[in-house]
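Report on the following structure.
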Amino acid sequence: MAIINALLLRHSKTDQYNQGKIISISGELSEMILKCSLAIDQVSGYILRSFKRNLSTNPSLTPASINHILKSLQKKADLNQIRGLSGHSFRVGAAIDLLNKNIPLEKIMLRGGWKSESSAMRYLQSWNDSNWLIIN
């Protein structure tokens, strides 16, 4: 199998007309996707899939499924002191990770698909110190 260096995001909150967007990915993520694809014997289609009882895969996960999985994992990990996780948490978390790496706001906006500084800043400012999990 060839190494994947980009993914096609067919639809997102910032692309409601389904024009699609090519997103570059790291070599590490590419390897993980390829391993998963080989394990489920599916070389195309959705990356995130659910499993049936017989361990075959469903074509995709729904946004509600992702939220349910995240909340279940949060509960199992006893991370109840932080607010509920959702698929949206990845968007916020990615922006915060980039900010913590001193990435300029313009690049954070490009990665997150924000067209205005005010939208990006709402994401970054909504994550205050009370939301941080501190591990000693």
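Of note:
- For region 83-98, the criterion of being acidic (Asp, Glu), over 16 Å from the mean Cα position of the chain (by Cα) and either surrounded by 11 or more Cβ atoms within 10 Å (Cβ to Cβ) or farther than 15 Å from LEU48 by Cβ (or both) is satisfied by no residue at all.
- ILE66 meets the conditions (1) farther than 23 Å from GLY112 by Cβ; (2) surrounded by 12 or more Cβ atoms within 10 Å (Cβ to Cβ) in every case but one. The failed one is (1).
- Residues that are among the polar types (S, T, N, Q) and part of a loop (DSSP other than H, G, I, E, B), drawn from region 1-22: ASN5, THR14, GLN16, ASN18, GLN19
- Listed by position, the helices (runs of 4 or more DSSP H) enclosed by region 23-108 that each have at least 3 residues that are charged (D, E, K, R) and assigned by TED's automatic domain parsing to the domain that holds TYR123 are 63-76.
- Of the residues making up region 12-30, those that are surrounded by fewer than 13 Cβ atoms within 10 Å (Cβ to Cβ) and of a type outside the set (Val, Ile, Thr) number 10.
- Test: residue in region 31-41 that is among the hydroxyl-bearing types (Ser, Thr, Tyr) and touching a residue at least 24 places away in the same chain (Cβ under 8 Å): yes
The values are calculated or read from the model by the stated rules, or taken from the named source; none is laboratory data. Predicted model, so just to flag it, every value in this text is computed and none were measured. We place every Cβ from the backbone using ideal geometry, glycine too, and count neighbours over all the protein chains shown.
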